[in-house]
Amino acid sequence: MPRPNKGPRLELYGPDDKYGARRRKGFKRYLWYIVWSEDGRKCEHPTGAGDRGEAERSLARWIEDRAAVAHPAPTGAAPVIPIR
């Protein structure tokens, strides 16, 4: 049975597992990543933040941007094209 999707969330990656971070080879500092799942695949987007508060704001902006793309605001009535 498939596991339910957790939705977008923040995960900490770093050079070691200190502070509960997931270890990443080549990392010199700790960074927060937005992690989500699409079509059963794990996707990641770096926030560029080492601070949790800044990462939370990046996640909020990222969610707003994705919602705006998925559901664009209506622009008004469709133009009427005369039939000749």
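Bear in mind that the values in this text are calculations on the coordinates, not laboratory data. Just so it is clear, the model here is predicted, and its values are computed rather than measured. No Cβ is skipped: glycine too gets one built from the backbone with ideal geometry, and neighbour counts run over all protein chains shown.
Points worth noting:
- Among beta bridges that DSSP assigns inside the chain, antiparallel share in %, nearest 5: 85
- Working from label points 7 Å from Cα in the Cα-to-Cβ sense, the residue 54 to residue 17 distance is 2.7 nm.
- Lys, Arg +1 and Asp, Glu -1 on Cβ, resulting dipole of the stretch 1-64 about Cα centre, debye, nearest 20: 280
- Helix 52-70 and the longest principal axis of the Cα set of the chain meet at an angle near 30°.
- Helix content alone sets the calculated 222 nm mean residue ellipticity of the chain: runs of n ≥ 4 DSSP H residues at -39500 (n - 2.57) each, divided across all residues, give -7500 deg cm²/dmol.
- Candidate values (1) 1.51; (2) 1.62; (3) 1.22, label of the one derived for Cα Rg over 2.2 N^0.38 Å: (2)
- Simple spin-label estimate for residue 39 and residue 66 gives 1.6 nm between the two label positions (7 Å along the Cα-to-Cβ direction from each Cα).
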